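Trainee: Structure incoming, see below.
The values are calculated or read from the model by the stated rules, or taken from the named source; none is laboratory data. Here the structure is a predicted model, which means the values were calculated and not measured. Here the Cβ positions follow ideal geometry from the backbone for every residue, glycine too, while neighbour counts run over all protein chains shown. Keep in mind that these areas ignore ligands, DNA and RNA; they rest on the heavy atoms of the full protein, side chains included. Shrake-Rupley method; radii C 1.70, N 1.55, O 1.52, S 1.80 Å.
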Amino acid sequence: MASGSRITILPQSKEALLKSYNVRLKEDVRSMLENFEETLKLARRDSHSQISRTTQSEQDALEMQIRASNMVRAGESLMKLVADLKQYLILNDFHSVNEAITNNSQLFRSTQIECDKKLMKLRDEMAMDLYDLEEEYYTSIFK
């Protein structure tokens, strides 16, 4: 599988899974197209048959309902395929997951360093204030 100038080599199971997704996609789109074309043919049909018009119209209506339900079924299958692809991408996109973890780790480390610096500064200020207060206390005549 080529992506620009880099080639990604997938394990056999992943490759087979992606091929099955591709087959499902093609079958569902083909089913939708065929059923839609047949529905259009039914709508344009001239009634030059030996059965009565009402019987022919009932038969056409039933066939249109069946074809419409086939198109809905293919559409639902495509939506399921999209959900499967999203799940596959989320579960198997280790590069993006690792990159996000690295970015968060760096962000947390920088926040930790910043907090440590502020705490050290606060500690030093408190130590200086405490020293001043102790000196004032021990030199005071009111002890």
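Trainee: So what are the ³J(HN,Hα) numbers for the stretch 74-89, from phi and the Karplus equation (6.51, -1.76, 1.60; θ = phi - 60°), rounded to whole Hz, Gly and Pro as x?
Mentor: Couplings: 5, x, 5, 5, 5, 5, 5, 4, 4, 5, 5, 5, 4, 4, 4, 5 Hz.
Trainee: Would you kindly derive the ³J(HN,Hα) couplings of the stretch 63-71 from the backbone phi angles with the Karplus curve 6.51 cos²θ - 1.76 cosθ + 1.60 (θ = phi - 60°), listing them in order in whole Hz, with x for Gly and Pro?
Mentor: The phi angles translate into 5, 5, 5, 5, 5, 5, 5, 5, 5 Hz.
Trainee: How large is the direction-averaged shadow of the alpha-carbon convex hull of the chain, in nm²?
Mentor: Averaged projected area of the chain's Cα convex hull equals 21.3 nm².
Trainee: Within the stretch 100-143, which chymotrypsin sites (Phe, Trp or Tyr not before Pro) sit in a loop by DSSP and count at most 10 neighbouring Cβ atoms inside 10 Å?
Mentor: Details: sites: 108, 131, 137, 138, 142; in loops: 142.
Taking the stretch 100-143 and a limit of 10 other Cβ atoms within 10 Å, the loop chymotrypsin sites (Phe, Trp or Tyr not before Pro) found are 142.
Trainee: Can you give me the angle between helix 94-139 and the longest principal axis of the chain, using Cα atoms only, in degrees from 0 to 90, rounded to the nearest 10?
Mentor: Tilt of helix 94-139: around 20 degrees.
Trainee: Subtracting the Cα-Cα distance from 0.36 nm times the residue separation, let me have the gained length for residue 88 to residue 109 in nm, one decimal.
Mentor: Values: separation 21, 0.36 × 21 = 7.56 nm, distance 3.10 nm.
Result for the pair: 4.5 nm of gain on full extension.
Trainee: Quick check: at a probe of 1.4 Å, how many percent of the accessible area of the chain sits on carbon and sulfur atoms? Please report the intermediate quantities before stating the final value.
Mentor: Values: 7450 of 12390 Å².
For the chain, the apolar C and S fraction of the accessible surface comes to 60 percent.
Trainee: Residue 137 to residue 121: extension gain in nm, 0.36 nm per residue of separation minus the Cα-Cα distance? Let's see the in-between values first.
Mentor: Numbers: separation 16, 0.36 × 16 = 5.76 nm, distance 2.41 nm.
In short, 3.4 nm is gained.
Trainee: Just read off the accessible area of residue 101 with the full protein assembly in place, 1.4 Å probe, to the nearest 10 Å².
Mentor: 100
Trainee: Under a point spin-label approximation (7 Å from Cα along Cα-to-Cβ), what is the residue 54-residue 100 distance to one decimal in nm?
Mentor: Each label point lies 7 Å from its Cα, and together they span 6.3 nm.
Trainee: Suppose each label sits 7 Å from its Cα in the direction of the beta carbon; what would the residue 79-residue 15 distance come out to in nanometres?
Mentor: It works out to 3.5 nm between the two label points.
Trainee: Moving on to the next point. May I ask for the percentage of alpha-carbon pairs in the stretch 59-113 that lie more than 17 Å from each other? Walk me through the numbers before you get to the answer.
Mentor: Numbers: 950 of 1485 pairs.
Taking all Cα-Cα pairs of the stretch 59-113, the fraction more than 17 Å apart is 64 percent.
Trainee: Lys and Arg at +1, Asp and Glu at -1: add these up for the other residues within a Cβ distance under 13 Å of residue 118 and post the number. Walk me through the intermediate numbers first.
Mentor: On the way: positive: 117, 121, 123; negative: 114, 116, 124, 125.
Neighbourhood net charge equals -1.
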